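The values are calculated or read from the model by the stated rules, or taken from the named source; none is laboratory data. Here the structure is a predicted model, which means the values were calculated and not measured. Backbone-built Cβ (ideal geometry, glycine too); neighbour counts: all protein chains shown. Remember, those area values only see protein heavy atoms, side chains included, never the ligands or the DNA or RNA. Shrake-Rupley method; radii C 1.70, N 1.55, O 1.52, S 1.80 Å.
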Amino acid sequence: MKAITIEKYGKNVPLVMTEQPVPHVGEHDVLVEIHAASLNPIDYKIKEGKVKLLLSYKFPLILGNDFSGVIVKVGERVSAFKPGDEVYGRPRKSRIGTLAEYIAVHEDDIWLKPQNLNFEEAASIPLVGLTTYQAFTDILHLQKGQQILIHAGSGGVGTFAIQLAKLMGAFVATTASDKGYELVKSIGADLIINYKKENFEQMLSGYDAVFDTLGGAALEKSFRVLKPGGQIVSISGLPNARFGKETKLGWMKTAILSIVSRKITALEKKYHARYHFLFMKSSGTQLKVLKDFIEGGHIKPVIDKVYHLEETEQAFSYLQGGSAKGKVVIKIK
């Protein structure tokens, strides 16, 4: 099968189209002929080796973290799915590789794709959808009437997050540029802050939660907008010692995380807030919930550009450029 692979980590390491064996199908796996995959910041972070402390892979490594396609074979113990089923999913972190013609994935990590979406639209959902759902329901327990700041509202995660937060009844503030203003307004943002002209930390206060997709200075300034007891969930900041303990990384890695995140820990104490680093988990059960939201018309995919598999290098460059409004999708079949 054709696949996009790397031979080592590095910012300038080329993405190469190679021939790889079709994956083995375990007893609880399904083999999916992939029709489309989407790109996410985690893809170039993996490529550059920025998450080596948390994730370890062998080479050649097939990149890609979410997909949609059609099941062509099922393992002997699979009962929930059958060949011919149209599915979407996010393989568990140890089994990535969606930038390929086929993938073997555990049955627990997929669900039937929303019937009102085509394959490209469905492929844009799993990673951003699961990330946001877990942030809002498992960590923040977002409630109707609460106020949340969602950074980078016109991005891949942001466009999904705004829609889900509104569905849950929250008041949503978001940051966007002039180019993203109409998009975030159209999907429900209540307050839009032009990050090129305005300082969000001077305009907001007393917020219940922040969903951080940027890390760095934006994350640090976000503590200022929270009320005492408020919470920040970040997918781009540094993991802290709490994350190390919760994910059982071991004492050495946890100690390292404690050191590198000490500035964030100090901000937690200063502002009487709680910081969570989110490393999303695969979940077919939650994909079913998202399917219901989408088929009910409550959430719509937002896609910026669609590339073909042989154009993956250009797609990576475009995503890393930071100007994408919504998701960047790779059409494979």
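Roughly speaking, what % of Cα-Cα pairs in the chain are separated by over 35 Å, rounded to a whole number? Percentage above 35 Å: 20. With all protein chains in place and a 1.4 Å probe, the accessible surface of the stretch 101-249 carries 48 percent carbon and sulfur.
The modelled label-to-label distance for the pair SER323/GLU246, using points 7 Å beyond Cα in the direction of Cβ, is 3.7 nm. In this structure, the residue pairs whose Cα-Cα separation is over 30 Å, taken from LYS288/LYS331; LYS253/LYS325; LYS11/LYS196; LYS2/LYS325; LYS50/LYS263, are LYS253/LYS325.
Using only DSSP helix segments of four residues or longer, with each worth -39500 (n - 2.57), what per-residue ellipticity at 222 nm results for the chain after dividing by its residue count and rounding to 500?
Working: 12 runs with 99 residues, N = 333.
Taken over the chain, the calculation gives -8000 deg cm²/dmol.
Size of the stretch 96-165: Rg and Dmax of its alpha carbons, in Å, are 14.3, 44. Of the trypsin sites (Lys or Arg not before Pro) in the stretch 175-278, the ones in a loop by DSSP (not H, G, I, E or B) with at most 11 other beta carbons within 10 Å are LYS196, LYS197, LYS248.
Ordering PRO239, LEU39, GLY64 by the projection of their Cα atoms onto the charge dipole of the chain, which places +1 on the Cβ of Lys and Arg and -1 on the Cβ of Asp and Glu, puts PRO239 at the extreme positive end. If you run the Gaussian network model on the chain, springs between alpha carbon atoms under 10 Å, then out of GLY75, GLY180, GLY322 the most flexible one is GLY322. Across the alpha-carbon atoms of the stretch 1-123, the computed radius of gyration and Dmax are 14.2, 43 angstrom.
In this calculation the C-beta distance from LYS73 to VAL16 is compared with R0 = 30 Å, giving a FRET efficiency of 0.65. With 5 Å bins beginning at zero, the pair-distance distribution over Cα atoms of the stretch 48-117 amounts to 3, 15, 26, 22, 16, 9, 7, 2 %. Applying both filters, DSSP loop and at most 16 other Cβ atoms within 10 Å, to the GluC sites (Glu not before Pro) of the stretch 8-111 gives GLU27, GLU48, GLU76. Stokes-Einstein diffusion for the stretch 196-235 at 10 °C, viscosity 1.306 mPa s, with a Kirkwood radius from C-alpha pairs, works out to 155 µm²/s. Placing +1 on each Lys and Arg Cβ and -1 on each Asp and Glu Cβ, with no other charges, gives the chain a dipole about its Cα centre of roughly 1240 debye.
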